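Trainee: Before anything else, here's the structure in question.
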Amino acid sequence: MKRIVKEILKNGKVQYRVEKNTKFFGLIPCKWHTCTVIFPCDFGDVTCEAVFNTLEEAQEFYGIDTNPVIEREVLTE
């Protein structure tokens, strides 16, 4: 399971952290911990924590559609 945590820093800046509470492909439950993002590089992969400046970026990483359909209309059948 995943969650998005809003953090407010001492200087007033807001950041959004994506956490999960499972390991090994979601099969083993564990304590909540920050997800990681892997960036491939020529000199080896770079691993960073999944902490974002905007809620939309965190939602995209989480897999939530940031632009959902709010209305549909059937034009032909």
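Trainee: Expected output is a single nm value to one decimal: the length gained when fully extending between Glu71 and Lys31, i.e. 0.36 nm times separation in residues minus the C-alpha distance. What is it?
Mentor: Extra length from Glu71 to Lys31 when fully extended: 10.5 nm.
Trainee: Considering only protein heavy atoms and a 1.4 Å probe, what is the carbon-and-sulfur percentage of the accessible area of the chain?
Mentor: Values: 3640 of 6680 Å².
Answer for the chain is 54 percent, counting heavy atoms of protein chains only.
Trainee: Roll a 1.4 Å probe over the protein chains and send me the accessible area per residue for the chain in Å².
Mentor: Values: 6680 Å² over 77 residues.
Heavy-atom SASA per residue in the chain reads 87 Å².
Trainee: Counting each DSSP H run of 4 or more residues in the chain as -39500 (n - 2.57), what helix-only mean residue ellipticity at 222 nm follows after dividing by all residues, to the nearest 500 deg cm²/dmol? Don't jump to the answer; show the numbers that get you there.
Mentor: Numbers: 1 runs with 8 residues, N = 77.
So the helix-based figure for the chain works out to -3000 deg cm²/dmol.
Trainee: What do you reckon, how do Thr47, Thr54, Thr34 stack up by accessible area (1.4 Å probe), largest on top? Don't skip to the answer; put the middle values down first.
Mentor: Values: Thr47 85, Thr54 55, Thr34 30 Å².
Sorted descending by solvent-accessible area, the residues read Thr47, Thr54, Thr34.
Trainee: Write down, largest first, the equivalent ellipsoid semi-axes of segment 1-57 in whole Å, where each equals the square root of 5 times an eigenvalue of the alpha-carbon gyration tensor.
Mentor: Computed over segment 1-57, the values are 22, 19, 9 Å.
The values are calculated or read from the model by the stated rules, or taken from the named source; none is laboratory data. Bear in mind the structure is a predicted one, so any value in this text is a computation, not a measurement. Heavy atoms of the whole protein, side chains included, go into the accessibility calculation; ligands, DNA and RNA do not. Shrake-Rupley method; radii C 1.70, N 1.55, O 1.52, S 1.80 Å.
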